[in-house]
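Down below is the structure, laid out as structure tokens.
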Amino acid sequence: MVNLWKRESSVRDTNYCDLFSHLGNGQYEHLSRELQQGKTEKSTDVSIAYRLQGNDLFRENKIAQAMELYNKSLCFAEIGTENVSLVYANRSSCFLALKMYEEALIDIELAVKAKYPDRLMAKLMRRQATCLRLMEAEPQRKRFQPKLSFQSHDRYPCLANSLEMKCNQKFGRHIVATRDIEVDKMILVERNFASVSIDDERMSCAKCMKTKANFIACSMCTDAMYCCIDCMQRDATHKMTCGQFNGVDGSMKLYIQTVFIAISLFKNVDNLMEFVEEALKSNGIQESMMDAKSQYRLFLSIQPSINEHDKDDLMFDAQKIYIILQSTPTIKILFGSVAKQRFLQHLVLHHLLVTVRNRFQVSADGDHLKTTEIASITCIFNHSCYPNAFNHVIDNQSVLITIRPVEKGEQLFISYLGEETEKSTDFRRMSLMNDFGFFCECDKCVPRCSRSDRVAMEMDSYFKYIKQNYKIAFDEKVRRIALKEVCIRFLNKYGHLPWSDELNLVTFCYVKWFFEYSTVDY
Ligand SMILES: [Zn+2]
Ligand SMILES: [Zn+2]
Ligand SMILES: [Zn+2]
């Protein structure tokens, strides 16, 4: 962007130039009004209505949907009212139905603490007894925790020590293997720098994005809930934005969140300014990523790729974010001077440019919850339409697993296209050119697998097994685990070959298992 981080004059320490000088008052007022209209308040009536809808769904055995409505009901419930305790109690039935006994017991406890009415207490205690009995009969498994398959890197602990960050003219910063790596190895488990849910925030913890948990609602607003007190207390960004962004959509929320996260990392705005200006001067490989500040430093160093067509839209969005931020009391106080406001304008645009291209979007944990997030190290992996690593989000962490064998010295790639990786070469190339500005020449875009290699794969007994079973195997745990194992063996044997239809099918099966079932089948 032309004016990004430009100052008004060449004299040192003058203000940054006004990025939005052509911004009229009309737009400011219009947007502020829009935000005001989106605001909702706690209401017992609304809360009860949602709870009753939840009860209907529960009776129809639609447990997940019922739980969603109970969570909504909780967000609207006025603190201290009986309705709060009734919601917890009703939600405990959902957990019981899902065989999540520990969670059911926690909800029962929450209900009692929230002064559950005596007239119903006997029923609740019977439920508690049922939970305890079932829990003994069938002990619950712990939640799946993604874990590196290797020791962690000494300077980037989220990365496996079998990888290294490199930088050169052709690829910029990229990641290479320092040893041979087989298929099915977890090579990165990185906490997202920022993440938000796209459609409804009342399905996940506002801090850690966990789903299906014993949510407690923010006592002030109707749109944030937390899986535990700890998440609630640690959510510094929500403290600054509580109740103010109801009218803002998913991607916009993510851009805004990145700015608040940055602000929350520093004691004051002067420290933030100093840090950002220092970070912008350096280029190349950052020495380490050990904490939230160094993760932010890496975030700032991610190359924003801008497509000329999008320039006006991006500028418009940056303006919009700036206006939204300016409408919050915290920002008004923190960025009181012209110098600080101008800095904020540039920071907003910089964050937007980094995030818009590098964020990814997923359906989390097999639920229909859609989230969008950004993670600093994940952004350093380059693209291939037939990559050797696949990225997924588990428990608010960006997780990368190898899906083809990687030789020592080879570069690691992920696909930037998500589900669109399966589309035609023309489509992929156009999309990559538009969004990332490069012409893809990976071995899926330029197929070069030899006829004889393809015949060998087709004749292979693993391949025959996969072809015969993949359409039916996923419905049943034992069969899909067997299928996954065969896929891994096949990929370890042939995955070094360039892309072909045969490899595509096997990789597809393995990725499907990893994406949909890895957190249940472990
Ligand atoms: Zn949480
Ligand atoms: Zn709140
Ligand atoms: Zn390609």
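Can you tell me how the stretch 27-105 classifies by the Cα gyration tensor, rounded, prolate or oblate, using a/c under 1.5 as the rounded cut? Judged from the Cα gyration tensor, the stretch 27-105 comes out prolate (a/c at least 1.5, a/b above b/c).
Let me know the shape class of the chain, please: from the alpha-carbon gyration tensor, a ≥ b ≥ c as square roots of the eigenvalues, rounded when a/c is under 1.5, otherwise prolate if a/b is greater than b/c, or oblate. Taking the square roots of the gyration eigenvalues as a ≥ b ≥ c, the chain is oblate.
Computed from the C-beta positions of SER264 and GLN169, the FRET efficiency with R₀ = 41 Å rounds to 0.65. Summary value for the stretch 357-486: 17 percent relative contact order, contacts being C-alpha pairs under 8 angstrom separated by 6+ residues.
Shape of the stretch 95-249 from the C-alpha gyration tensor: oblate (a/c of 1.5 or more and a/b not above b/c, with a ≥ b ≥ c the square roots of its eigenvalues). Which helices, counted as full DSSP H runs in the chain, have an axial Cα extent of no less than 24 Å and a Kyte-Doolittle average of -0.5 or above? Long hydrophobic helices here: 118-137, 338-358, 477-494, 501-521.
As a rough footprinting exposure proxy, the listed residues MET290, MET240 were ranked by other beta carbons within 10 Å of their own, and the order from fewest upward is MET290, MET240. Projecting label points 7 angstrom from Cα along Cα→Cβ for ASP443 and ALA292 puts them 4.3 nm apart. Shown for VAL46, VAL259: other C-beta atoms within 10 Å of each C-beta, ranked fewest to most, produce the order VAL46, VAL259. How high is the FRET efficiency from GLU277 to ASP521, r the C-beta distance, R0 56 Å, rounded to 0.05? In this case the efficiency is close to 0.70. Among MET220, MET100, a tally of other beta-carbon atoms within 10 Å of each Cβ gives an order, fewest to most, of MET220, MET100. Between ALA97 and ARG191, the contour length at 0.36 nm per residue exceeds the Cα-Cα span by 30.7 nm. Counting other Cβ atoms within 10 Å, which trypsin sites (Lys or Arg not before Pro) in the stretch 245-286 have at most 13 and lie in a DSSP loop? Here the trypsin sites (Lys or Arg not before Pro) that fit, given the DSSP loop and packing criteria, are LYS267. Given the pairs LYS253/LYS484; LYS471/LYS493; LYS281/LYS340, which span a C-alpha to C-alpha distance of over 31 angstrom in this model? Too far apart for the 31 Å limit: LYS253/LYS484.
Read the figures in this text as sums done on the coordinates, not as results from a lab. This structure is a prediction, so every number in the text was calculated from the model and none was measured. Counting neighbours? That spans all protein chains shown, and the Cβs are built from the backbone with ideal geometry, glycine included.
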